[in-house]
1. For residue 321 and residue 335 in one chain, what is 0.36 nm times their gap in residues minus the Cα-Cα distance, to one decimal in nm?
2. Using helices alone, I'd like the mean residue ellipticity at 222 nm for the chain: each DSSP H run of four-plus residues gives -39500 (n - 2.57), total over residue count, nearest 500.
3. Does the stretch 49-132 come out rounded, prolate or oblate by the C-alpha gyration tensor, with a ≥ b ≥ c the root eigenvalues, rounded set by a/c under 1.5 and, if not, prolate when a/b is larger than b/c and oblate if not?
4. Counting other beta carbons within 10 Å of each residue's own, what order do 90, 24 fall into, fewest first?
5. Just subtract the alpha-carbon distance of residue 384 and residue 161 from 0.36 nm times their residue separation and send over the number in nm, one decimal.
6. Report the relative contact order of the stretch 58-102, percent, no decimals, based on alpha-carbon pairs under 8 angstrom and at least 6 residues apart.
7. Report the antiparallel proportion of the DSSP beta bridges in the stretch 224-317 as a percent, rounded to a multiple of 5.
8. Restricting to Cα pairs below 8 Å that are 6+ residues apart, what does the relative contact order work out to for the stretch 49-132? Please round to a whole percent.
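What follows draws every value from the coordinates through simple rules; no lab data is involved. This structure is a prediction, so every number in the text was calculated from the model and none was measured. Positions of Cβ are backbone-derived with ideal geometry, glycine not excepted, and every protein chain shown enters the neighbour counts.
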Ligand code: AMP
Ligand code: MG
């Protein structure tokens, strides 16, 4: 059995960041890693841009009545020069006409009038006011985002503005998900005696989906060698195969043996954590990866957060340290009898009165998936620690989906 830290190290040493590049439409680039430098082909703003609705003026003119020589909405290029004694009507986003050196907002005038009429300017305005000058944000030729950046909404905005549609991104891994167990039935079915509904096949799908990936489902594998081998062989054609169940020491836990037969080298099969001890990680000689996680729903969800998510993100060159770890004040005490493993407990983490607080959720063990709907993260209990006092500091980690459950928001 190895520690969580050793397991993470093995995963990090094994998973090779992809070097393959896709050219994708801008909409699809969200959540991927950029594979080209983003260089601006234009100045931004591309012209002296008006930032308020009002009149373009010669600032030295001051208050008074001035004749309106042109109407310039956004998208129109001015044709008349504003001479002292005249003004042009301008809207936000329009280019500033030559001759003008400031814009006075309409609220400081007698209101909008038509071209040929006189506008009442009520206040003096300083030169340069309400104008954003050419190249103020970005100059043509500037390196604005470096290759390797993770594409969030802010990067999408830059890519759109610089004309990068389509854009080069590192390839996303393909992910296949297999739930195993003779006892499993589909969510749409009523379980018979001894049966339960397959939840992991769906929760792992959703967790993968939350990483902006489109996993494929291999359905449910029965606990027999033929069916499992058939489905695992299909899964082995994907960059990541995620298998739930069948990895412990039961006499029908065939998964590790078949993974080896299919060509995976299994690098560990037990990690000193609770929940999720019997977790398997392997790699094939053609650079495909497999995780086998225990079937208990909470174990599978926690294992995904701790191990699978970083692995997938290493592959796609996305940030792994997602800054979602924090120090929180514990709101309720915690005791345990067996302190041999590092334990993760479902928690509701909130920002309250200038600090994070963590409330441990009532939880009966790794099968208690309903408890997870009340949690938005986990709290870590170190090995050898059998007691955590109320009000003491603990380490918490928010899930990627860290929103507060609705009844707690
Ligand atoms: P296993 O890891 O196969 O020994 O399964 C451990 C526990 O998790 C057993 O109680 C299983 O019935 C349950 N389990 C296994 N797979 C799933 C699944 N896909 N959805 C919900 N529970 C599961
Ligand atoms: Mg099983």
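1. Details: separation 14, 0.36 × 14 = 5.04 nm, distance 2.96 nm.
Full extension of this stretch gives 2.1 nm more.
2. Values: 7 runs with 64 residues, N = 409.
Calculated from helices alone, the mean residue ellipticity at 222 nm is -4500 deg cm²/dmol.
3. On the way: a/c = 1.34, a/b = 1.17, b/c = 1.15.
Rounded, because the longest to shortest axis ratio a/c is under 1.5.
4. Numbers: 90 33, 24 19.
Least crowded to most crowded, the residues run 24, 90.
5. On the way: separation 223, 0.36 × 223 = 80.28 nm, distance 5.41 nm.
Full-extension gain reported as 74.9 nm.
6. Values: 85 pairs, mean separation 20.1, N = 45.
Reported relative contact order: 45 percent.
7. Working: 8 of 13 bridges.
So the antiparallel bridges in the stretch 224-317 amount to around 60 percent.
8. On the way: 244 pairs, mean separation 34.4, N = 84.
41 percent.
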